[in-house]
Amino acid sequence: MRTVAKLGVFFLMVAIFATLSGCKCGKDIGGSSHQQADSVRTEIRWRYIHIHDTVPFYIPVEKQTSVGEDSSHLETDFATSDAFVDSLGKLHHSLENKPQKIDIPVEGTALVSDTSHYESHAKVDSIYVPQPYPVEVEKPLTGWQKFQMRGFWWLSVGLIGYILWRTRKLWGKFIKI
């Protein structure tokens, strides 16, 4: 019978705690916040450009010799030629290119890309967040509802104390005073 009474007292206390505890709406708090923003933008523009340039051309050195019956001497911008007759009556002829570099003009087009790279870094330490405006409700809280909301923590401490008091023999074995 004693255990039934103890069980009844336990359920009665749970019912009291459940009745006195209540829920409370969360509050929106305003103030400041931290925000960081990075931005990278790359623009690539393609276009054709006209190229007017010169290309060097090197004339290779060549030498040839021939034997004939007459004599002569020729010279151009690129080569010289000499011919002579020896004592036997044979014509010796030599043709030689002059070593030089010639610049040849070249016309053309090329595809070119223009790249623009933009970076933006913004760091804002605090941004003002406006406080929410008050909202009126139909009726204010009753005294009993206010007592339930405020009494939850007191009743929680009381329940924990009651549980510790009832189990003092169990945890008292581990703590020797």
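The values are calculated or read from the model by the stated rules, or taken from the named source; none is laboratory data. Everything numeric here is computed off the predicted structure, so don't read it as measured data. In this analysis, Cβ positions are derived from the backbone assuming ideal geometry, glycine residues included, and neighbour counts consider all displayed protein chains. Ligands, DNA and RNA are stripped out before the accessible areas are found, and what is left, the full protein with its side chains, is counted by its heavy atoms. Shrake-Rupley method; radii C 1.70, N 1.55, O 1.52, S 1.80 Å.
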Does residue 134 satisfy the condition of being modelled with pLDDT of 85 or more and either of a type in the set (Lys, Arg) or not in a helix (DSSP H, G or I) (or both)? no
Given the criterion open to solvent by less than 100 Å² (accessible area, probe 1.4 Å), modelled with pLDDT of 80 or more and under 26 Å from residue 104 (Cβ atoms), identify the matching residue among 56, 60. 56
When residues of the stretch 166-177 are limited to those that are outside any helix (DSSP H, G or I) and either of a type outside the set (Val, Ile, Thr) or in contact (Cβ under 8 Å) with a residue 24 or more places away in the chain (or both), the one least open to solvent (accessible area, probe 1.4 Å): 173
In the stretch 148-165, is there at least one residue being open to solvent by less than 100 Å² (accessible area, probe 1.4 Å), more than 30 Å from residue 7 (Cβ to Cβ) and either modelled with pLDDT under 85 or assigned to a helix (DSSP H, G or I) (or both)? no
